[in-house]
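Written below as structure tokens is the structure these notes are about.
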Amino acid sequence: MSTVIYPSPIFGPIKSRRLGISLGINLLPGDGKVCTFDCIYCECGLNAQRKPQSKFPTRKQVAEALQQKLEQMKVEGISPNVLTFAGNGEPTAHPDFAAIIDDTLALRNLHFPHAKVSVLTNATRINKKDVFEALKKVDNNIVKLDTVSVDYITRVDRPVGNYNLVELIDCMRAFDGQCVIQTMFMKGTDADGHSVDNTGDEYVDPWIDAVADIAPREVMIYTIDRETPISNLQKASPETLDDIVARLQRRGIKASASY
Ligand code: SF4
């Protein structure tokens, strides 16, 4: 298994066709993974196999490292298109997440006012007021919703601790369109041989209904791209992803797929 652990708190910049030049911000420890999900497809590996030894970077360390990196990029003439909170787990699990968002927006405004700030979150903590309010401030609030089947979420996303899907969908709706839904579609089986295929109508139809109810700004669907900790997972085909995008678009929802 060759999963990826990012250094903390700043990594990159990474050039991607979709995002342009993205500077990564990892609020989790740099030597392991901390997440409120334990997805069987996680590119960082499974929680139990990636337990960190070190601590979360402090708010001060994040701000100083970001300031230093942005100044260096200015000198080098590299202009980021986006500052992306991602990395080794769930960014909102950091106890100072909301304050770090404020610091990041201030540094972005000072150095590269045209760059966007994106947060990739699994949405498990959007029911916390400070997290919810912080996510409303960023340009791209990208929240995970792989399905609306609690059984599937329990087997595939594997929440750590309490998980209330109905409450979280209510919170997504309360973003009032200031969110992007991100969904992983895949096929294959888990380690016990159970199907993890969420591309059939029994999964897609209720998921589309929930998405229409949430009314996000946009939906981004994707499939497995790199090596996963569980080996029997399979990519959803481009045709399948395109079909789901078309179904969303017919409901008036802006959507795109990455293969
Ligand atoms: S939410 Fe993201 S970081 Fe967390 S386990 Fe799932 S894929 Fe990995």
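Laboratory data are not the source of any read-out in this text; all were calculated from the coordinates shown. Quick caveat: nothing in here was measured; it's all calculated off a predicted structure. Every residue, glycine as well, gets a Cβ built from its backbone with ideal geometry; the counts of neighbours run over all protein chains shown.
Cysteines of the chain lacking any other cysteine Cβ under 4.7 Å from their own Cβ: Cys35, Cys44, Cys171, Cys179.
Across the stretch 10-257, C-alpha contacts under 8 Å between residues 6 or more apart give a mean separation that, scaled by the residue count, equals a relative contact order of 18 percent.
A straight line joining the Cα centroids of the stretch 177-220 and the stretch 19-61 runs 23 Å. Of the beta bridges in the stretch 1-128, as assigned by DSSP with both residues counted there, near 35 percent are antiparallel.
For a label point 7 Å from the Cα of Ser79 along Cα→C-beta, name the residues of the stretch 1-36 whose backbone N is under 13 Å from it. From the stretch 1-36, the list is 21.
Within 14 Å, Cβ to Cβ, of Lys128, how many net charges do the neighbouring residues add up to if Lys/Arg are +1 and Asp/Glu are -1? Each step should come with its number before you reach the end.
On the way: positive: Arg125, Lys129, Lys136; negative: Glu90, Asp96, Asp130, Glu133, Glu167, Asp170.
Within the 14 Å Cβ shell, the charges total -3.
Both the radius of gyration and Dmax for the stretch 10-257 are 17.9, 53 Å, in that order, over alpha-carbon atoms. Listing Arg250, Arg59, Arg108 from fewest to most neighbouring C-beta atoms within 10 Å gives Arg250, Arg59, Arg108. In sequence order, the stretch 145-154 has phi-based couplings of 8, 6, 5, 10, 8, 5, 4, 5, 4, 5 Hz under the Karplus curve 6.51 cos²θ - 1.76 cosθ + 1.60, θ = phi - 60°, and Gly or Pro positions carry x.
Taking the DSSP bridge list for the stretch 91-241 and keeping only pairs wholly inside it, about 25 percent are antiparallel.
Does the stretch 1-96 classify as rounded, prolate or oblate by the C-alpha gyration tensor (a ≥ b ≥ c root eigenvalues; a/c under 1.5 gives rounded; else a/b over b/c gives prolate, otherwise oblate)?
Values: a/c = 2.36, a/b = 1.49, b/c = 1.59.
Taking the square roots of the gyration eigenvalues as a ≥ b ≥ c, the stretch 1-96 is oblate.
Taking every DSSP beta bridge that has both residues in the chain, what percent is antiparallel when rounded to the nearest 5? Roughly 25 percent of the DSSP beta bridges within the chain come out antiparallel.
The string of couplings for the stretch 197-203 from the Karplus curve (6.51, -1.76, 1.60, θ = phi - 60°) is 6, 10, 9, x, 4, 5, 9 Hz, one whole number per residue in order, with x for Gly and Pro.
Please go through the residue pairs Lys74/Lys137; Lys137/Lys187; Lys51/Lys128; Lys128/Lys235 and name each one whose alpha carbons sit more than 28 Å apart in this structure. As for pairs spanning more than 28 Å Cα to Cα, those are Lys137/Lys187; Lys128/Lys235.
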